[in-house]
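To keep things clear, I will list the structure first and then write my remarks on it.
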Amino acid sequence: MSNETNAGLLRRAAAYAIDVLFFCVTSILFYLLLVALISDKLFVSILIPLICTLWFSFYFVYFHWKYGQTLGKRIMSIKAVNIDESPLTLGTAFFRWLMTIVSLGFSVITIFLLFLDKERIILHDKVVKTKVINTK
């Protein structure tokens with residue numbers, strides 16, 4: 001497949017920024033809801049990180065599996081697919097999420113390698129054998 005369909009760094013970064021903003025807003029709403037419902041502040045302070053971690057993981061895995069897109073990817077008209085452009089399975093979406101977390105630890109190297117890659121496929125996508133393509 002031609003690399004003209006592969007999404008570039010700026011679109012991917014914008015999609016991720018939109019997803020992080022969405023995550024922050026929904027996390028604040030979760031927090032406000034818990035504070036209103038539960039009077040034990042210590043319990044809320046323990047519960048919030050757990051809920052946010054589960055929510056963030058669910059958000060990325062579920063939406064990549066079901067639609068190939070998160071809200072950010074949908075707005076930026078890009079989509080995660082397998083190398084052969086078939087939809088992601090649940091297992092692939094989960095493994096891709098894990099590899100995304102790992103590659104974030106090497107973000108400078110990951111971004112540098114993306115610029116060197118003629119097909120514009122980022123490190124975690126190479127490991128999982130997926131890519132992000134333009135939908136328009």
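The values are calculated or read from the model by the stated rules, or taken from the named source; none is laboratory data. Nothing here was measured: the structure is a model prediction, and the numbers come from that model. Reconstructed Cβ throughout: ideal geometry from the backbone, glycine too, with neighbour counts over all protein chains shown.
Quick notes
- Subset of the stretch 82-102 that is in contact (Cβ under 8 Å) with a residue 40 or more places away in the chain and of a type in the set (A, V, I, L, M, F, W, C) - its residue that is farthest from residue 6 (Cα to Cα): 97
- Matching residues in the stretch 1-58 - criterion: being among the charged types (D, E, K, R) and part of a helix (DSSP H, G or I): 4, 11, 12, 19, 41
- Single match in 109, 133, 48, 101 (criterion: closer than 18 Å to residue 26 by Cα, at pLDDT below 95 and of a type in the set (Val, Ile, Thr)): 48
- Screening 68, 72 for residues that are of a type in the set (Gly, Ala, Ser), under 12 Å from the mean Cα position of the chain (by Cα) and assigned to a helix (DSSP H, G or I) leaves exactly one candidate, 72.
- Within the stretch 83-136, the set of residues being of a type in the set (A, V, I, L, M), surrounded by fewer than 13 Cβ atoms within 10 Å (Cβ to Cβ) and closer than 15 Å to residue 9 by Cα comprises 104, 108, 109, 116.
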